[in-house]
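Participant: Take this structure first; my questions come after.
What follows is calculated from the coordinates using simple rules that are stated; it is not laboratory data. These numbers were taken from a predicted model, which means no experiment stands behind them. Here Cβ is always computed from backbone atoms with ideal geometry, including for glycine, and neighbour counts include all displayed protein chains.
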Amino acid sequence: MSIFETLDKIDVSKRTEKKGNFTYLSWAWAVRELLKVAPEATWEVHEYDRHMGEGFGYERQPYMSTEAGCFVKVTLTVNNIDRTQVHPVLDNRNKTVDKPNAFQINTSIQRCLAKAIALHGLGLYIFAGEDLPGEPEKLDDDQIKELLGYTGKLDKSISESIIKKIDDNEINESNYKSALAKAKRLASAK
């Protein structure tokens, strides 16, 4: 399964926020989920030259100014595949900004990063107007056996919770590695 397919199967609906007519995915959560699946992922916030005036040269800034407003650009690289997203610098009412402050620029960069992550699969369906991704694949027998191997070392309530989450497909192919790591940590703490 490709990284796109893996990320596309993750249900992000519990990590979204509504602001007016728009649905936002928490950029911090998106980065965390991306790095669980693709720890080698890197991103670049593009910079642009800004002329400082006659005799003063240029300085670099993380946004470009145009007649239509200001924009930021982020390129995310996963498995040597670059995906680039451009995002307008917006105010708190989602209106374009001609002279942005540092907070507006930073917020737009984080939104742009979340959208670049979506281009690699995580939460892309939000932007397509869909409600939920396809049902995540269930664990195979070997994965279930490995995960259940740790439940005997855990409190009964935690073991029962893990079994229920497997049965309900809350622990599934898309989050198996993190669930296994957590079970290992809990078992080793006993």
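Participant: So what is the diffusion coefficient of region 3-50 in µm² per second by Stokes-Einstein at 4 °C and 1.567 mPa s, using a Kirkwood Rh over Cα pairs?
Facilitator: Value of D from the Cα-based Kirkwood radius: 101 µm²/s.
Participant: Which whole-Hz couplings ³J(HN,Hα) result when phi for each residue of region 24-37 is put into the Karplus expression 6.51 cos²θ - 1.76 cosθ + 1.60, θ = phi - 60°, listed in order with x for Gly and Pro?
Facilitator: 3J(HN,Hα) across region 24-37, in whole Hz: 10, 9, 4, 5, 5, 5, 4, 5, 4, 5, 4, 6, 5, 8.
Participant: Using the Kirkwood formula over every pair of different C-alpha atoms, what hydrodynamic radius in Å results for the chain?
Facilitator: Numbers: mean 1/r = 0.0525 Å⁻¹.
Hydrodynamic radius (Kirkwood, Cα only) of the chain equals 19.0 Å.
Participant: Would you mind ranking TYR125, TYR58 so that the residue whose beta carbon has the fewest other beta carbons within 10 Å leads the list?
Facilitator: Going from least to most buried by this count: TYR58, TYR125.
Participant: Something else about it: Using the Karplus equation 6.51 cos²θ - 1.76 cosθ + 1.60 (θ = phi - 60°), what ³J(HN,Hα) coupling, rounded to whole Hz, does each residue of region 75-90 give in order, writing x for Gly and Pro?
Facilitator: Once θ is set to phi - 60°, the couplings for region 75-90 become 10, 10, 10, 10, 6, 6, 10, 8, 10, 10, 10, 10, 9, x, 7, 10 Hz.
Participant: Apply the Karplus parameterisation 6.51 cos²θ - 1.76 cosθ + 1.60, with θ equal to phi minus 60°, to every residue of region 102-119 and state each ³J(HN,Hα) to the nearest whole Hz, in sequence, with x for glycine and proline.
Facilitator: For region 102-119, the Karplus curve yields 4, 5, 5, 5, 4, 4, 5, 5, 5, 5, 5, 4, 4, 6, 5, 5, 4, 4 Hz.
Participant: LYS73: which lysines have alpha carbons under 20 Å from its alpha carbon, excluding same-chain residues fewer than 8 sequence positions away?
Facilitator: LYS95, LYS99, LYS115
Participant: Could you name the aspartates and glutamates in cross-link range of LYS145, using Cα to Cα under 20 Å and dropping any fewer than eight places away on the same chain?
Facilitator: Once the sequence-local aspartates and glutamates are set aside, what remains near LYS145 is GLU137, ASP155, GLU160, ASP167, ASP168, GLU170, GLU173.
Participant: What number, in percent, do you get for the relative contact order of the chain if the mean sequence gap of Cα pairs under 8 Å and at least 6 apart is divided by its residue count?
Facilitator: 21
Participant: A further question follows. For region 69-168, what Kirkwood radius comes out of the mean inverse Cα-Cα distance, in Å?
Facilitator: 17.2
Participant: Moving to a separate point now. Can you tell me how much longer the chain between ASP141 and LYS99 gets when fully stretched, taken as 0.36 nm per residue apart minus their C-alpha distance, in nm with one decimal?
Facilitator: Here the answer is 9.4 nm.
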